[in-house]
Amino acid sequence: MGAASSAWSWVLLCIVWWSLSLELAQCNVVYDRKALIIDGQRRILFSGSIHYPRSTPEMWEGLIQKAKDGGLDAIDTYVFWNLHEPSPGNYNFEGRYDLARFIKTVHKAGLYVHLRIGPYICSEWNFGGFPVWLKYVPGISFRTDNEPFKSAMQKFTQKIVQLMKDEKLFESQGGPIILSQIENEYEPESKAFGASGYAYMAWAAKMAVGMGTGVPWVMCKEQNAPDPVINTCNGFYCDYFSPNRGYKPTLWTEAWTGWFTEFGGPVYQRPVEDLAYAVARFIQKGGSFVNYYMYHGGTNFGRTAGGPFITTSYDYDAPIDEYGLIRQPKYGHLKELHKAVKLCEPALLNADPTVTSLGSYGQAHVFSFKSGVCAAFLSNYNTKSAATVTFNNMNFHLPPWSISILPDCKNVVFNTAIVGVQTSQTQLLHTNSELRSWEIFNEDISSVAGDTTITVIGLLDHLNITRDSSDYLWYTTSVDISPSESFLHEGQHPSLTVQSAGDAMHVFINDQLSGSAYGTREYRRFTFTGNVNLHAGLNKISLLSIAVGLANNGPHFEMRSTGVLGPVVLHGLDQGKRDLSWQKWSYKVGLKGEDMNLGALHSISAVDWMKGSLVAQIQQPLTWYKANFDAPKGDDPLALDMGVWGRVKPKKCQFGCQHPTQQWYHVPRSFLKPSNNLLVVFEEIGGDVSRIGLVKKSVTSVCAEVSENHPHFRNWQTESHGQLEEQNKPEISLHCTEGHSISAIKFSSFGTPSGSCGTFQHGACHAPNSNAVLEKECIGKQKCSVTISDTNFGKDPCPSKLKKLSVEAVCAPI
């Protein structure tokens, strides 16, 4: 009996061991406290957010290759529920929505993927990525312990996971997906919802893990993420962050490269020196995964921008700009950072830092592993003053707010505040493509009341009527004015006040525009107040309510009201005031031009367009304009210049204060055919279409500045495409975009020049042959490099001084 029991126990043990081995063989991505472990290897990973619907399939390969060339290991994307399931059970994975194709493109480039399924995404996206039909599921309450919501969420999550499994895209199947995310930045909602929020979060984690993807799941900005889900950090800085369990790695899912833009707000920029500092500080504290949000922001095409009042441009000051052009120096400086950190990888992943003080504002984080494996990060936290510190019996100069990286604890190869890569200057230049044959079509405001959808007593919520089928909703009522009213005889006008829950509104009295009002992203509610021209008898009041992107964050954002909810009050009558809120109101969804789909070629002939010179003379509200144009030659990205029509200018700004918040609207070349393209513009108030232009965005000049003591990869050999390359001295590199070459050297000085890109000036010390050296090496080439060496510039112009080389070159089409 005892022998049989022992034998049976041994069999059970073998079965358990076999099952565990099988599971480990199928699950190639695991983690420990140091890092993600892929195929048995700990990895430090740099990732970048590129959202597939914010660019075009024709752009994807180029964007992903630029990300790889910039030193990234992975691409991060959200999944956009409202695009993929526009109505219950009807799915769309075509064109820009082809998620599987996008991930396969990433895989082809040899990069990993972090798939952030959510399916709540925020992301300044309309309704936070939720389809609007979800709001109208009976009994639903978003993102809490609510059965209708959980049922819908689980169904969509399973749909995406199964799609990925069917295409064998998880790393456990040989695909590129190494991480998945469930929910998104849930901690504020979890606290607001209390016990039901925590129960929902725990359910979501268990649901996700139970899908058996073979890769870890994360929850960003959720300190209480249940095991085994990894909680992660989002923010401008994340060096303060620690995971909620000691055996989980420290991951940064959103390192913000800039910020989004709202109409009326500033266009934000984040200096790359600060971004690099934040990343280096995170790495030195034990971080092993950094995702740049955004690496390419792209464009909110169509009506996808949320908010409200988020611009169609989602440029985000990212390393690759909205149009797909590399933004320098941000791209190049981060590439150098990635290279420096990867040189430290053996020490970082196998040792914990020893932290020592380097003075009041300085620290050394030293990672030492086995004999000779050592890496150090030397930090100066002072925001204003540089510091000279002593480390390993050597002196090191640290600029303010900077970190130097020493892969061997001896030589500085990178400092976050010292930028040695080029700066690119771009311009939007007019093309030779003429917008020709302008014609117009005016909305017939007088017919609105006759085309009404419903008529009821009182004011209704905008979204409840439109279901987001249009941004526009007409509210129409009438008011009878007695001939005896005093204002009719005294030359005065009564006033109308209309309170709206957002976002904008135009007021028409007897089919004539009387005034407009709008809110802001911060204060959506607003009140229109204006005098109105009424006559004796029946007067028509038409309010055109406008939604400028649906709310996308906050607890119960699905419950927020939109549109004219009143009161609507006439003032200045003999009776004092008259409240019109509870009169009979008629509602009409959308505009006539929308009903006829005037943006489509097959619908253009459905209306009578007004031709000729009258276009420039007529300035009416609610007008459609159309023109034809041919695609400009070349490959430069294109945009519509709408600056003359921009009315919302930033109240606070860092630059470009004379321009509207958004002046240029990206037109991907893949949208165009060689000739006879159709452009349709709808203008709510009126404008001069003859001043709209098609422009191309080009890098017109490049600058670089490098000093003799610039940190570089001295005596370090790194593998590149199977070859060993060694860099012994600092060098300056210039690079024009594809199809362009360096046509002139606008400025060059080896010595002590001053100024910055566009304003360089010679100093007291200057090598006379500076221009000749650069012209010989660079003219006629797309890219060139010049080593910072006295031998290149002849006699040392000032032996006792630290010198630098400053260059500005002109890029021109080949």
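Observations on the model:
- Strands (runs of 3 or more DSSP E) wholly inside the stretch 201-280 containing at least 2 residues that are aliphatic (A, V, I, L, M): 217-220, 251-256
- Positions within the stretch 135-148 being in a helix (DSSP H, G or I) and touching a residue at least 40 places away in the same chain (Cβ under 8 Å), in sequence order: 135, 136
- Selection within the stretch 775-804 - of a type in the set (D, E, K, R), over 13 Å from residue 749 (Cα atoms) and part of a strand (DSSP E or B): 783
- Checklist (1) exposed (fewer than 15 other Cβ atoms within 10 Å of the Cβ); (2) modelled with pLDDT under 95; (3) among the hydroxyl-bearing types (Ser, Thr, Tyr) applied to residue 623, failing item: (1)
- Matching residues, the stretch 788-814, being of a type in the set (Ser, Thr, Tyr) and open to solvent by less than 50 Å² (accessible area, probe 1.4 Å): 789, 806
- Cross-chain or 6+ apart pairs with Cβ under 6 Å, the stretch 775-790 first and over 16 Å from residue 713 (Cα atoms), then in a loop (DSSP other than H, G, I, E, B) and acidic (Asp, Glu): 790/796
- Any hit, the stretch 376-395, residues being touching a Cys at 6+ places or on another chain (Cβ under 6 Å), in a strand (DSSP E or B) and not assigned by the TED database to the domain that holds residue 540: yes
- Which numbered condition residue 414 fails, given (1) crowded, with 17+ Cβ neighbours inside 10 Å; (2) over 22 Å from residue 708 (Cα atoms); (3) touching a helix residue (DSSP H, G or I) at 6+ places or on another chain (Cβ under 6 Å): (2)
- Cβ-Cβ contacts under 6 Å between residues 6 or more apart (or on different chains), taken from a first residue in the stretch 182-201 that is more than 21 Å from residue 253 (Cβ to Cβ) and modelled with pLDDT of 95 or more to a second residue that is open to solvent by 40 Å² or more (accessible area, probe 1.4 Å) and outside any helix (DSSP H, G or I), are listed as 192/555; 196/145; 199/145.
- Of all the criteria given as (1) within 13 Å of the chain's Cα centre (by Cα); (2) surrounded by fewer than 17 Cβ atoms within 10 Å (Cβ to Cβ); (3) closer than 26 Å to residue 363 by Cβ, the one not satisfied by residue 242 is (1).
- For the stretch 362-390, a tally of residues being over 16 Å from residue 284 (Cα atoms) and either open to solvent by less than 30 Å² (accessible area, probe 1.4 Å) or out of contact with any helix residue (DSSP H, G or I) (no Cβ under 9 Å at 6 or more places or on another chain) (or both) returns 11.
- Strands (runs of 3 or more DSSP E) fully within the stretch 534-581 counting 3 or more residues that are under 23 Å from residue 472 (Cβ atoms) and not hydroxyl-bearing (Ser, Thr, Tyr): 537-546, 564-573
- Test: residue 703 is under 27 Å from the mean Cα position of the chain (by Cα) and either part of a loop (DSSP other than H, G, I, E, B) or modelled with pLDDT under 95 (or both): no
- Test: residue in the stretch 148-156 that is closer than 30 Å to residue 73 by Cβ and open to solvent by 60 Å² or more (accessible area, probe 1.4 Å): no
- Sole exception among (1) part of a helix (DSSP H, G or I); (2) open to solvent by less than 10 Å² (accessible area, probe 1.4 Å); (3) aliphatic (A, V, I, L, M); (4) farther than 16 Å from residue 556 by Cβ for residue 163, by number: (2)
- Tally, over the stretch 320-375, of residues that are more than 24 Å from the chain's Cα centre (by Cα) and in a loop (DSSP other than H, G, I, E, B): 11
- Filter result (crowded, with 18+ Cβ neighbours inside 10 Å and of a type in the set (Ser, Thr, Tyr)) within the stretch 176-228: 180, 186, 190, 200, 213
- The number of residues in the stretch 526-556 that are of a type in the set (Ser, Thr, Tyr) and open to solvent by 10 Å² or more (accessible area, probe 1.4 Å) comes to 2.
- Of the residues making up the stretch 515-555, those that are under 18 Å from residue 581 (Cβ atoms) and either without any contact (Cβ under 8 Å) to a residue 24 or more places away in the chain or in the same structural domain as residue 192 (by the TED database) (or both) number 1.
- The stretch 466-511: number of residues that are within 30 Å of residue 125 (Cα to Cα) and either part of a loop (DSSP other than H, G, I, E, B) or open to solvent by 40 Å² or more (accessible area, probe 1.4 Å) (or both): 9
- Of all residues in the stretch 295-305, one or more are under 25 Å from residue 69 (Cβ atoms) and in a loop (DSSP other than H, G, I, E, B).
Each row is one residue, and each column tells you yes or no for (1) at pLDDT 95 or above; (2) out of contact with any Gly (no Cβ under 9 Å at 6 or more places or on another chain).
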| site | (1), (2) |
| --- | --- |
| 364 | yes, yes |
| 370 | no, yes |
| 379 | yes, no |
| 386 | yes, yes |
| 389 | yes, no |
| 399 | yes, yes |
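- Tally of residues being over 12 Å from residue 542 (Cβ atoms) and part of a helix (DSSP H, G or I) across the stretch 451-465: 4
- Within the option set 315, 352, being at pLDDT 95 or above, open to solvent by 10 Å² or more (accessible area, probe 1.4 Å) and not assigned by the TED database to the domain that holds residue 55 holds for one residue only, 352.
- Taking the stretch 563-599 as the range and being touching a Lys or Arg at 6+ places or on another chain (Cβ under 8 Å) and either under 30 Å from residue 185 (Cα atoms) or not assigned by the TED database to the domain that holds residue 453 (or both) as the test, only 598 passes.
- Note on the stretch 81-107: residues that are open to solvent by 60 Å² or more (accessible area, probe 1.4 Å) and either among the β-branched types (Val, Ile, Thr) or touching a residue at least 24 places away in the same chain (Cβ under 8 Å) (or both) amount to 6.
The values are calculated or read from the model by the stated rules, or taken from the named source; none is laboratory data. Since the structure is predicted, the reported quantities are computational estimates derived from the model, not experimental observations. No Cβ is skipped: glycine too gets one built from the backbone with ideal geometry, and neighbour counts run over all protein chains shown. Side chains are part of the model used for accessible areas, which takes the heavy atoms of the whole protein and leaves out ligands, DNA and RNA. Shrake-Rupley method; radii C 1.70, N 1.55, O 1.52, S 1.80 Å.
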